[in-house]
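Shown next, in structure tokens, is the structure this report addresses.
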Amino acid sequence: MKLKERARRLKRDVPAVFLALKDGRTPMPAKLAAVITLGYALSPVDLIPDFIPVLGYLDDLLLLPALIALTIRLIPDEVLEQCRCESENLWADGRPGRWYCAIPVVLIWLLVIWSIAKAVFL
């Protein structure tokens, strides 16, 4: 599978994973993997610090997709397929169909801006 196809698939799977994590049939290990993935993605602490050229971002490029793939594999296939169908209603033309779908993205950007402001001004 080509990289572009994987990126499209991941774009489709992210809202489905969100819906699957709210589903009662999703096992606890999948929910734990999702929490670890989100925690690592938002954490300012990396395995390799970002200020190290090339290697600093390499862990993010390798580890985050691997954690997302692990989370997806831990979700039962029937639950994930049902959530994929449901998530198509949330996304129209590649954009959220409902305004509240943008809340996590806005919160992440606010966290990034706050972190930068804190690092620069404190």
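The values are calculated or read from the model by the stated rules, or taken from the named source; none is laboratory data. What you see is a predicted model, and the numbers here were worked out from it, not measured in a lab. A quick note on method: Cβ atoms are made from the backbone with ideal geometry, for glycine too, and the neighbour counts reach across all protein chains shown. Surface areas here come from the heavy atoms of the whole protein model, side chains and all, with no ligands, DNA or RNA. Shrake-Rupley method; radii C 1.70, N 1.55, O 1.52, S 1.80 Å.
Would you check which residues across segment 58-83 are without any contact (Cβ under 8 Å) to a residue 24 or more places away in the chain and among the hydrophobic types (A, V, I, L, M, F, W, C) and list them?
Hits for segment 58-83 are LEU58, LEU61, LEU62, LEU63, ALA66, ALA69.
Do you know which of the residues in segment 3-17 that are surrounded by 12 or more Cβ atoms within 10 Å (Cβ to Cβ) and closer than 17 Å to VAL105 by Cβ is nearest to the chain's Cα centre (by Cα)?
Filtering first and then ranking leaves VAL14.
Answer yes or no: is there a residue in segment 47-68 that is modelled with pLDDT of 85 or more and over 18 Å from PRO15 (Cβ atoms).
So far as segment 47-68 goes, yes, one or more of its residues are modelled with pLDDT of 85 or more and over 18 Å from PRO15 (Cβ atoms).
When both residues are 6+ apart or on different chains and their Cβ atoms are under 6 Å apart, which pairs have a first residue that lies in segment 34-57 and is closer than 19 Å to LEU111 by Cβ, and a second that is acidic (Asp, Glu)?
Note: pairs meeting the criteria are ASP46/ASP59.
What are the residues in segment 18-48 that are closer than 28 Å to ILE116 by Cβ, touching a Leu at 6+ places or on another chain (Cβ under 9 Å) and open to solvent by less than 80 Å² (accessible area, probe 1.4 Å), if any?
Scanning segment 18-48 gives ALA34, THR37, TYR40, ALA41, LEU42, ASP46, ILE48.
Going residue by residue through segment 70-88, is there one that turns out to be under 18 Å from the mean Cα position of the chain (by Cα), modelled with pLDDT under 85 and within 28 Å of SER43 (Cα to Cα)?
Yes, some residue in segment 70-88 is under 18 Å from the mean Cα position of the chain (by Cα), modelled with pLDDT under 85 and within 28 Å of SER43 (Cα to Cα).
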